[in-house]
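Below: the structure, in structure tokens.
Any read-out appearing in this document is the output of simple, stated calculations on the displayed coordinates, not a laboratory observation. Bear in mind that the values here come from a model prediction, so they are computed numbers and not experimental data. Here Cβ is always computed from backbone atoms with ideal geometry, including for glycine, and neighbour counts include all displayed protein chains.
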């Protein structure tokens, strides 16, 4: 009996197997209402930083901007203290310059002339920088300042039959000389008259392309999540370009073409893209900074392309367009435009006539000052653009200080 019981206990137990249902195509797809990943602290910090603008938080934005300016000034001062020899040379140079500027003597006529030229040249460099960054809104200072200056010199050269404009008032204003010049007025003589202003403006546009380069380079070296919107778009474009399933728009394809060719061609590619009117050249700076292109390779190619090649093309176009008889031909062509042609021709003809009469005024002669509606609208637009540019600088400084506070807080949390 014991054996039987032992055998009965050794019988294998029955197991029940659960089989998963076979997957069918009729199975319902997820509704997408499940758990969503929460954003990272960096993302939340960036989202909060984007709200710090003067039209949303004016008091906070102004306070942060002032604090950032003071912090940058203190940092710059401590950096100078670490270079004591350089700091000594700077103070000695400034002291000698101030003494020479105020001390009476025969040298004052040269001081005034040097001061005038430095201010005049600095003005064109500044306009070039502002044009490159668009005054915060895509405004091109060539169309408002340099182009009209070249056109005025060209028209004056043919009207006066000379380029020996008396100084002063040139270059602030132009008056025909009382004596005829022995040098014939020609294309290359006009080019040489406006070349310095044009080259300085082109150099300013090259300087204005450096911020995207340094921003992308610093973000790549730090490995942190970028704050700049254009740089984030650049990274998204790179990822989308690698994914063959993603279809790029026409604009994204152009940006991808620019990025690939600049990275592949190097110095020559940067120079080519800088030599042509290219609204996507900011992408070139971001690309070069991201891939670690050396600074002098990027800046040298940009300077050659913008200040030498592109500037001479633009300068030549304006000189030819406003040379003798070409301006009148252009005005006559405007008159042929249906309906609005005659209305456009009259104010432009009046403006050209006033410009010619102003060239033949003598020093001290009273000249009637009249402001046209077009001139007033242009001045108002430039004022608004400059104000918007100033506000964008304030917003940028405030966001930099917010980022500074975030970095400080994160370091403190690591220490604790």
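Estimated from the Cβ-Cβ distance and a Förster radius of 41 angstrom, the FRET efficiency linking residue 59 and residue 94 is about 0.65. Among 53-65, 295-307, sorting by the average number of other beta carbon atoms lying within 10 angstrom of each residue, highest first, gives 295-307, 53-65.
Of the peptides 382-390, 154-162, the ranking by mean beta-carbon count within 10 Å, highest at the top, reads 154-162, 382-390. Look at where the Cα atoms of segment 59-101 and of segment 156-186 average out, and the two centres are 43 Å apart.
Here the gap between residue 172 and residue 344, fully extended at 0.36 nm per residue and compared with their Cα-Cα distance, gives a gain of 59.1 nm.
In this structure, residue 413 and residue 120 have a Cβ-Cβ separation that, at R0 = 45 Å, corresponds to a calculated FRET efficiency of about 0.30. For residue 295 and residue 337, the FRET efficiency from 1/(1 + (r/R0)^6), where r spans their Cβ atoms and R0 equals 41 Å, is about 0.25. Put a dot 7 Å past the Cα of residue 195, heading toward its Cβ, do the same for residue 329, and the two dots end up 2.6 nm apart. From most to least packed by mean Cβ count within 10 Å, the peptides 209-219, 315-325 give 209-219, 315-325.
Using a simple spin-label model with pseudo-atoms 7 Å out from Cα toward Cβ, residue 272 and residue 85 lie 4.5 nm apart.
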